[in-house]
Amino acid sequence: MTTQFAPDRSEDKISVELTREEALALTGVRFHSGHKIEIDARKKIRSAFEKAFDIAADHTE
């Protein structure tokens, strides 16, 4: 999925609440509990982004 934004919206901010483990997993730290922590964190970020910018989750080009 490729999305382009107008320059005036490029500095818009979103807020996402992550657990410590999720934040660490996104920096590359690996956990014994598997890859699920990183996947959950990425889903939270994607969901917040889609809500903030009104992007359909199944948008394809």
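Throughout, read-outs are computed from the coordinates displayed, never taken from laboratory work. From a predicted model like this one, the values you see are computed outputs, not experimental measurements. FYI the Cβ positions are ideal-geometry reconstructions off the backbone, even for glycines, and counts take in every protein chain you see.
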Arranged from highest to lowest average of other beta-carbon atoms within 10 Å per residue, in what order do the peptides 14-23, 38-47 appear? 38-47, 14-23
Distance (nanometres) between label positions extended 7 Å along Cα→Cβ at Glu50 and Ile14: 1.0 nm
